[in-house]
Structure formats: C-alpha cells, structure tokens
Amino acid sequence: MVRTDRGQLLLIGAVLIGLTILGTVVMLNGMQYADATGTQTEYRVLDDAERTEEMVERDIGRLTGQILAKNPDPGNAFTYVESNVTTYHNYTRNMTLDDSSGTVNVTYNDSVTRGQRGYRIQQTTSQPFAPGTPHLVVDDVEYVRSFVLRIDSFSAPGRTNSFDVVARNATTGETWKLEAYEYPPTPAARVTVTTADGSVIHCDTDSTPELDLVQGTNESGECSFPGVREDIGTPSSFQFEGDDDVEGTYRALVEGNPRVAADDYPVRPGVTVRYRSAELSYNRTILVEDPEAPR
C-alpha cells in the first residue's frame, strides 16, 4: 500500500469517528429543541449557541486526536486536520434546528493554527534521554497536548542510574518531577512522581514502560500517577536530567519554544464557528484542545 492510500485511510477513519459523534449530538439537540419550542428566551438562544460551540470543540478535538495519534508527517498533519474540519463543516452547515431554523458552520483557520507555535518534538531512535548534562527540551510553554515517553533500557539497576523529567511552572513556582529507574531484583521499572505539594507516588511497571506524562499512566494502565498538567497546570518548561544511563524514545506535542529539533504541527487547531438563527448571529474563533486530557 502506497503512502497516498495510507493517508486516505487515515482521513476516512477520522471522518467516520467524527460523524458518529456528530450524529449523536444532533439527535440529542433535536430532542432538546423540540421540547423548548415557543419558549426560548434571549438567554436560552445564547445558551444554545454556546452549547453548539462546545459540541464543535469536542468533536473537532476528538477528530484531531485520532489524526495526530497516527503521527503523520507535518505536511500531512495540517492537511488531514483541515480536510476533516471541512468534511465536518459540510455536514453541519445545513443542520436545521427544530425551533429556530438555526444553522451551524465550522471552518478551519490556518493562520490561527500556525500562529500558535505548535510543535512536534520527538526522539524516534532509542538513545540516551539526557547524555551527560541536564537537557532542556522546551520552554516558554503555552499548551501541552501530549507527552509520551518510552524507556527501552537501563544501564544497570538501582536509583543511582535513574532518569528524571522535571516540569516547572514559572508563574506559580511549582515543580513536578518524574523519576524512573530499574528496580531490583526482578527486571522492572519503578516510577516515582513528586508533586508540587511534596507528595511522592510510587508505582512499579514492566522494564520498558511507555509513560504518558499528561494523562498520568503507562501503556498497560497498571501504573497511575498525577499527570503534570493536573498537578501544576501548564508547565513553563520540560527538562530531562540524568546521565546516559537510560535510553528510549519520546514524542511531545506542545506550544512553546523548542530547544531541540522540532516540526511545525497543528497542536491546537483554530476553527471558526458561525451560529445563525432568527434571534442570534454568533461568530467565534476557538483553539481546539484535547477533550480527553485533564485541564
């Protein structure tokens, strides 16, 4: 199968997911509006517009998540997001609301999307995370969509051969720290998270864990800890600390100032929502975040 075919499958799959979500919401909206016929006040009209915006943000957020989870190259990532928003728009623009003949239009805003300093930062080959010195990955962070790190090997067991991820919130002065090391006597990894209030959380997992720093879990779900954004909010920076004792790969989708090689990426797509009814015209451009991640 050629790359074009793979891209088409990615696009089709994401669209199907989005339309499923849309169909459910349209059905629920129809029930709501039918009950409210003839009684809608100005406040209610505005409330409906805001609910519509929330629906769009959730649907586009999930669409974007499905696309970016496949880790397409940067050019395709922007194209896939724009194409899926366009398809979503085509299905919503003629949606008629039972009580007011309202319509919803959704359009992708490329200039807003690219103006957010969104980047994909990744280490795709297994190598030391922090060779020799503290390794600043990104600073001046404004938003973190995801940060997944996989440990492939430890040089030796014991805490003296650990690897740390340190996230700092410069506004509040709070720090979140994750430490991982091989835990004897069996080949396993111990993950220790120190939260902003000084609490220390331990969990043991397999020797090659894949750790989601935002969701606060590992791939198998057997290890749970406070995610970085849940604990300190959006961190201002991420830094790797330790020597060359731990090797692996990582992938982060952030808005900020990358201090390592990075690709432009649609981390937080900008979309313009237009709601029209007899009582209200509502326009707003929003930045779509991951609806599944803690805020």
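The values are calculated or read from the model by the stated rules, or taken from the named source; none is laboratory data. Small disclaimer: the values here were computed from a predicted structure and weren't measured. Reconstructed Cβ throughout: ideal geometry from the backbone, glycine too, with neighbour counts over all protein chains shown. To get the accessible areas, we keep the full protein, side chains included, count just its heavy atoms, and leave off ligands, DNA and RNA. Shrake-Rupley method; radii C 1.70, N 1.55, O 1.52, S 1.80 Å.
Observations
- For D204, the conditions (1) part of a loop (DSSP other than H, G, I, E, B); (2) acidic (D, E); (3) over 23 Å from the mean Cα position of the chain (by Cα) are fulfilled apart from (1).
- Being over 19 Å from E222 (Cα atoms) and not in a strand (DSSP E or B) is a property that does not hold for T186.
- Residues that are modelled with pLDDT of 95 or more and among the β-branched types (V, I, T), drawn from region 145-170: V148, V165, V166
- Unique residue being buried (at least 22 other Cβ atoms within 10 Å of the Cβ) and of a type in the set (V, I, T) when the list is T249, T285, T217, T205: T205
- Residues that are open to solvent by 50 Å² or more (accessible area, probe 1.4 Å) and not acidic (D, E) within region 62-76 comprise R62, Q66, A69, K70, N71, N76, listed in sequence order.
- Positions within region 140-173 being within 22 Å of P258 (Cβ to Cβ) and open to solvent by 30 Å² or more (accessible area, probe 1.4 Å), in sequence order: D140, E142, V148, R150, R168, A170, T171
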